[in-house]
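Trainee: Encoded as structure tokens, here's the structure I'll be asking about.
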Amino acid sequence: MSGPNTSFDPKQVSALSAESVDFVVSEALLAIRAASDLVTLKEVRLAHAGDRSPLSLANREIGALPPAAKAEAGKRMGIARGQIKEALDLRESELQDARDSAVLTQETVDVTLPVDRTALGGRHPLTTLMERICDVFIAMGYDVAEGPEVEADWVNFDALNVPPDHPARTMQDTFYVESPESGVVLRTQTSPIQIRAMLDREVPIYVVAPGRVFRTDELDATHTPVFHQVEGLAVDVGLTMADLKGTLDHFAQSMFGEGIRTRLRPSYFPFTEPSAEIDLQCFVCRGESINHPEKPCRTCGSEGWIEWGGCGMVNPRVLRAVGIDSERYRGFAFGMGIERTLMFRNGVTDMRDMVEGDIRFTRAFGLES
Ligand code: DAH
């Protein structure tokens, strides 16, 4: 083992001299202060405090010093490294603070700006109207009933007292799924749901039944081969036309506004007896235009009333067809077009707008979910 190098002159290890250490430190402090961002500071840290920095390289020389000089040089180096580390840490936290506050100002969110909504599409106004109609009847204690769109002709016609030779049963009016002999049709009305409800349920029965129906019409401003109806049916002890009228008035008011009345006009449907057309008091002029020729009404053509649907007391033959005691029970029923109702309520003038599926039409009703 070799002894300490007693002939060594510390002054010759110039890298460890006070002057050169001071110089290295001041160079480092200058570079640290000049670092204007964290990336540069990282480079400065490597250059002035890394393994190959002047200070680290000088530090390696300590071992070569005589014992008397080691302590002093070690102390000097310790102070120098401490100064550099402290300056680096200080600058680093300054630069981090600066970066954080810059992010805060650059990424400020103005919560008062209008929301940029992503278009989610909208539910069709016919759908939401059907739901609203159901709600009106649910509030009166009715159940919502359903039936198939592909229906047996016995349910769509025969059970409803529409005889086999009735003109509605021709291929000019009805879509047959295969041939007229197949006995299967696309339902032409929601009235077959009445039959199904009476077959499936116990009396008393109170049901409302919206649904899609089909007729061989050409698509134009007032016709479409696929459209929607809503059917109402009540079967109970002691029902009269007054109950029917009260129900329709309430329905009309919930659709078209308080005070709107209905009028029943004698008519004929095979499944009701007596039968009536339901007229709606014009919700625009409220009948005023009849007596005021100077103020004509475009909505009702100054008639004061608008045809809305059909209704009547359920024909006892229909009750018997589904096995209900027609001596004991009486029923009332009504049916109207949903498209027509939407046209009245929202001023839609062309049915084609309702079937084309253009989102701009739907959007005009608001994006209901
Ligand atoms: N189903 C009839 C139609 O499509 C409408 C109708 C009339 C329904 C009278 C009824 C009713 O329930 O009682 O024209």
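The values are calculated or read from the model by the stated rules, or taken from the named source; none is laboratory data. Predicted model only: the values in this text are computed from it and were never measured. When we count neighbours, we look across all protein chains shown, and the Cβ atoms used for this are built from the backbone with ideal geometry, even at glycine. With ligands, DNA and RNA removed, areas are computed over all heavy atoms of the protein, side chains included. Shrake-Rupley method; radii C 1.70, N 1.55, O 1.52, S 1.80 Å.
Trainee: Report the one residue of Ile62, Gln189, Gly122 whose Cα lies farthest in the direction of the positive end of the charge dipole of the chain (charges on C-beta: Lys and Arg +1, Asp and Glu -1; origin at the Cα centre).
Mentor: Toward the positive end, the furthest listed residue is Ile62.
Trainee: What does a probe at Glu288 reach in the range 223-258, counting residues whose amide N is under 19 Å from the point 7 Å along Cα→Cβ?
Mentor: 256-258, by backbone N distance to the label point.
Trainee: Let's see if you can work this out: charge +1 on each Lys and Arg Cβ, -1 on each Asp and Glu Cβ, no other charges. What is the dipole magnitude of the range 14-106 about its Cα centre, in debye to the nearest 20? Mind showing how you got there, number by number?
Mentor: Details: 12 positive and 14 negative charges, 64 e Å.
Using Cβ point charges on Lys, Arg, Asp and Glu, the range 14-106 gives about 300 debye.
Trainee: Turning to a different aspect of this structure: For the chain, what is the mean residue ellipticity at 222 nm derived from helices alone (per DSSP H run of n ≥ 4: -39500 (n - 2.57); sum divided by total residues; nearest 500 deg cm²/dmol)?
Mentor: Working: 13 runs with 147 residues, N = 369.
That comes out to -12000 deg cm²/dmol.
Trainee: Please report the carbon-and-sulfur percent of the accessible area for the chain; probe 1.4 Å, protein heavy atoms only, DNA, RNA and ligands left out.
Mentor: Working: 11000 of 20980 Å².
Using a 1.4 Å probe with all protein chains present, the chain comes out at 52 percent carbon and sulfur.
Trainee: Now, a different point. What angle, in degrees between 0 and 90 and rounded to the nearest 10, separates the Cα long axis of helix 67-106 from the longest principal axis of the Cα atoms of the chain?
Mentor: Approximately 20 degrees, to the nearest ten.
Trainee: I would also like to ask the following. Would you work out which of Pro148, Ile338, Trp305 lies farthest towards the positive end of the dipole of the range 125-363, given +1 charges on the beta-carbon of Lys and Arg and -1 on that of Asp and Glu, about the Cα centre?
Mentor: Among Pro148, Ile338, Trp305, the one farthest towards the positive end of the dipole of the range 125-363 is Trp305.
Trainee: Could you derive backbone 3J(HN,Hα) for the range 164-174 from the dihedral phi with the Karplus parameters 6.51, -1.76 and 1.60 (θ = phi - 60°), listing whole Hz in sequence and x where the residue is Gly or Pro?
Mentor: Per residue, the Karplus-derived 3J(HN,Hα) values read x, 9, 5, x, 4, 8, 6, 6, 6, 10, 10 Hz.
Trainee: Any idea what the dipole of the range 225-282 comes to, in debye rounded to 20, about its Cα centre with Lys/Arg Cβ at +1 and Asp/Glu Cβ at -1?
Mentor: Roughly 160 debye for the range 225-282.
Trainee: A follow-up question, please. Which of the aspartates and glutamates could be linked to Lys245 by a straight reach, that is with a Cα gap under 17 Å, when you skip same-chain ones fewer than 8 residues away?
Mentor: Filter leaves Glu231, Asp236, Glu258, Glu273, Glu277, Asp279, Glu307.
Trainee: On a 0 to 90 degree scale, rounded to 10, what angle separates helix 241-256 from the longest Cα axis of the chain?
Mentor: Once rounded, the angle reads 30 degrees.
Trainee: Now a separate question. Could you list which residues have their amide H under 5 Å from that of Glu307, counting only those 5 or more apart in sequence or on another chain, with H placed in the peptide plane?
Mentor: Answer set, sorted by chain and number: Leu280.
Trainee: Right, here's the next one. In nm, to one decimal, how far is the modelled label at Glu258 from the one at Ala139, with both set 7 Å along Cα→Cβ?
Mentor: 1.3
Trainee: About its Cα centre, how strong a charge dipole does the range 125-363 have in debye, to the nearest 20, once Lys and Arg get +1 and Asp and Glu get -1 at the Cβ?
Mentor: Roughly 600 debye, rounded to the nearest 20.
Trainee: Per residue of the range 210-215, what does 6.51 cos²θ - 1.76 cosθ + 1.60 with θ = phi - 60° give for ³J(HN,Hα)? Whole Hz please, x for Gly and Pro, Karplus curve as stated.
Mentor: Here the 3J(HN,Hα) series is x, x, 8, 10, 9, 9 Hz.
Trainee: Let me ask something else about it. At 7 Å along Cα-to-Cβ for each site, give me the label-to-label distance between Asp100 and Ser267 in nm.
Mentor: For Asp100 paired with Ser267, the spin-label model returns 7.5 nm.
Trainee: Can I ask one more? Please give every one of the lysines within straight-line cross-link reach of Lys42, meaning a C-alpha to C-alpha distance under 16 Å, and leave out same-chain neighbours fewer than 8 residues apart.
Mentor: Lys85
Trainee: Specify, per residue and in Å³, the volume enclosed by the convex hull of the alpha carbon atoms belonging to the chain.
Mentor: Spread over its residues, the Cα hull of the chain gives 310 Å³ apiece.
Trainee: A further question follows. Averaged per residue, what accessible area in Å² does the range 312-367 show with a 1.4 Å probe, protein chains only?
Mentor: Per residue, the range 312-367 has an accessible area of 51 Å².
Trainee: Something else: I'd like to compare 286-293, 303-310: which one has the highest average count of other Cβ atoms within 10 Å, and what's the full order after that?
Mentor: The packing order, highest mean first, is 303-310, 286-293.
Trainee: Amide H to amide H, which residues 5 or more places from Phe269 or on other chains are under 5 Å from it, using H placed in the peptide plane?
Mentor: The list, which skips near neighbours in sequence, is Ser275.
Trainee: Cα axis of helix 38-49 to longest principal axis of the chain: angle in degrees, 0 to 90, nearest 10?
Mentor: Computed tilt is about 20 degrees.
Trainee: When you count, for each residue, the other Cβ atoms within 10 Å and take the mean per peptide, how do 166-173, 77-84, 223-230 rank with the highest first?
Mentor: 223-230, 77-84, 166-173
Trainee: Set Lys and Arg Cβ to +1 and Asp and Glu Cβ to -1, take the dipole of the chain about its Cα centre, and tell me which of Val213, Asn161, Met77 lies farthest positive.
Mentor: The listed residue farthest towards the positive side: Met77.
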